[in-house]
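What follows is a set of notes on a single structure, which appears directly below.
The values are calculated or read from the model by the stated rules, or taken from the named source; none is laboratory data. The structure presented is a predicted model; accordingly, all values stated were derived computationally and were not measured. Every residue, glycine as well, gets a Cβ built from its backbone with ideal geometry; the counts of neighbours run over all protein chains shown. These area figures cover heavy atoms from the full protein model, side chains too; ligands, DNA and RNA do not enter into them. Shrake-Rupley method; radii C 1.70, N 1.55, O 1.52, S 1.80 Å.
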Amino acid sequence: MEKLAINGGAPVREVPLSYGRQYIDEADIQAVAETLRSDYLTCGPRTEALEKELCAVTGAKYCVAVSNGTAALHIAALAAGIGPGDEVITTPITFAASANCILYCGARPVFADIDPRTYNIDPQAIERCISPRTKAVIAVDFTGQAAQLDPIRDICRRHGLILIEDAAHSIGTKYKGRPVGSIADMTTFSFHPVKTVTAGEGGAVTTNDEALYKKLVLAHAHGITRDRSQMAHPTDDPWYNEQVGFGYNYRITEFQAALLSSQLKKLDAFSRRRKEIVGVYNQAFSQIPQIQVQEEIPESDTTRHLYILRLRSELLRCSRREFFDALHQEGIYSQVHYLPVYWHSYYEKLGYEKGLCPHAEKYYSEVMSLPLYYSLTDKDLQDVIYAVKKIIQFYQK
Ligand SMILES: *Cc1c(COP(=O)(O)O)cnc(C)c1O
């Protein structure tokens, strides 16, 4: 048996691999440089063009581009009318921002457990969390796989709830043939560098509802409008604008918009390569009893953002931590997605207790994310698989 790097053996990789990274080409650099030489650094034609392109990619009627994915969630929550006294149901297995946006509005997050096979929020668990105070559901397309959107939409319709889909992981994914972004009442995106396409920092909200769109536009720019039809005191003074609502400054810059437009041209290629990589991992790992492969629902045609390596702890002589460290020593730098949100000490102080979502907690104790990004080569991919197999061989029961 080969000696593990953690025990002094030779590592699989001399040059380490991270779990995710951006891909920037000359066209992206050119697009940003041209923008810096242009008249507009913010509030210009590139942001407008980007919003149209995002509508085309998602099939949505309306889009507001914003400064990051968290801002997108915040204005979506505001547009949904979420406020003090309300409850909003979401998943514990997500980045904290999916729940923090509920706190921003003075409302209370309620965590519904995940499906232990797909790791996405379980519609039946949502149903069990509904109370007279429930106002909305924030479903997350975790790893890029669409949540069970039809069953969730059905629950929302029956109970009069607004559905916000956090699609930070899932641009390029289709649910029953429809791109995410055109299905929920509002869908939010993030363009952080680790996501499938990037603006450096950036985000967007898409919707098909004109009334929601108007609220989103106000909320992302100070609540101020130049649209006379929305004013309480319209005048024909050419300089006049009016704050008619509550809002922030969540605008995206023109050079971020230009970078994202350029990235979107590569979305199909990014998507294809990500699917290929997932296929190779699944093929290799489905034959290893110590690994549980994430189940895919047939409704989702998935552009995967994260590849989750889930260990069957009962078949291994090591902890997740020992496996993680061994992988690191082999030159594969993993990460864990995610600590259940309510385990963060801030949420603990708000009164959330361990044991709330048993499937989510067990999931968290067994997982780490493997490298998944466009520029990962076939050789890199084989190294990752080799390292995982090497460690399993050493620790298997
Ligand atoms: C990245 C991410 C966000 C936040 O996006 P930012 O652009 O980093 O603010 C929100 N939700 C999920 C699920 C994410 O992965």
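Counted over all Cα-Cα pairs of segment 155-295, pairs farther apart than 20 Å make up 63 percent. Net length available on complete extension from S375 to I24 is 125.4 nm, with 0.36 nm assigned per residue and the Cα-Cα distance removed. Within the chain, antiparallel bridges make up roughly 60 percent of the DSSP beta bridges whose residues both belong there.
Could you do me a favour and compute the accessible area per residue for segment 1-117, 1.4 Å probe, result in Å²? Don't skip to the answer; put the middle values down first.
Details: 5250 Å² over 117 residues.
Averaged over the residues of segment 1-117, the accessible area is 45 Å².
Expressed as a whole percent, how much of the Cα-Cα distance distribution for the chain exceeds 40 Å? Cα-Cα pairs of the chain separated by over 40 Å account for 19 percent. With a cut-off of 20 Å on the backbone N, the residues of segment 363-393 near the modelled label site 7 Å out from Q287 along Cα-Cβ are 378-393.
Computed over all pairs of different Cα atoms, the Kirkwood value for the hydrodynamic radius of segment 121-180 is 11.8 Å.
For the pair segment 170-226 and segment 313-341, the centres of their Cα atoms are 33 angstrom apart.
Divided by 2.2 N^0.38 Å, where N counts the residues, the Cα radius of gyration of segment 40-158 comes to 1.16. If you take the alpha carbon atoms of segment 7-58 and fit the smallest convex hull around them, that volume is 165 Å³ per residue. The calculated 222 nm mean residue ellipticity attributable to helices in the chain amounts to -11000 deg cm²/dmol, summing -39500 (n - 2.57) over DSSP H runs of n ≥ 4 and dividing by all residues. Kirkwood hydrodynamic radius computed over segment 298-364 comes to 14.5 Å, based on all pairs of distinct alpha carbons. For the chain, the share of accessible area belonging to carbon and sulfur comes to 51 percent (1.4 Å probe, ligands and nucleic acids excluded). Applying a DSSP loop filter and a limit of 15 other Cβ atoms within 10 Å to the trypsin sites (Lys or Arg not before Pro) in segment 145-252 leaves K176, R226.
Quick check on packing: order 343-355, 384-396 by the mean number of other C-beta atoms within 10 Å, highest mean leading.
Working: 343-355: 12.4, 384-396: 20.0.
The densest-packed peptide leads the list: 384-396, 343-355.
Panel note: the C-alpha atoms of segment 250-397, placed on their principal axes, show extents of 53, 46, 34 Å (largest first).
Loop only per DSSP, at most 14 neighbouring Cβ atoms within 10 Å: give me the chymotrypsin sites (Phe, Trp or Tyr not before Pro) in segment 1-104, ordered by residue number.
Working: sites: Y19, Y23, Y40, Y62, F95, Y104; in loops: Y19, Y23, Y40, F95.
Counting only loop positions with at most 14 other Cβ atoms within 10 Å, the chymotrypsin sites (Phe, Trp or Tyr not before Pro) in segment 1-104 are Y40.
Summed over the residues of segment 285-397 and divided among them, the accessible surface reaches 46 Å² per residue at a probe radius of 1.4 Å. Just flag the trypsin sites (Lys or Arg not before Pro) in segment 31-138 sitting in loop per DSSP whose Cβ has no more than 12 other Cβ atoms within 10 Å. Sites meeting the loop and neighbour criteria: R37, R133.
Solvent-accessible area per residue for segment 138-260 at a 1.4 Å probe radius, Å²? Walk me through the numbers before you get to the answer.
Working: 4830 Å² over 123 residues.
So segment 138-260 comes to 39 Å² accessible per residue, rounded to a whole number.
Kindly state, to the nearest 0.05, the FRET efficiency for L103 paired with L267, given R0 = 25 Å and r defined as their beta-carbon distance.
Approximately 0.20, to the nearest 0.05.
Taking 0.36 nm per residue of separation and subtracting the Cα-Cα distance, full extension of the segment from R226 to L41 would add 64.6 nm. Averaging Cα coordinates gives a centre for segment 142-159 and one for segment 29-104; these two points are 20 Å apart. Rounded, prolate or oblate: which fits segment 1-94 when a ≥ b ≥ c are the square roots of the eigenvalues of the alpha-carbon gyration tensor, with rounded for a/c under 1.5 and prolate only if a/b beats b/c? Here segment 1-94 falls in the oblate category. Is the C-alpha gyration tensor of segment 182-231 telling us rounded, prolate or oblate? Criteria: a/c under 1.5 is rounded; beyond that, a/b larger than b/c is prolate, otherwise oblate. Note, shape of segment 182-231 comes out oblate.
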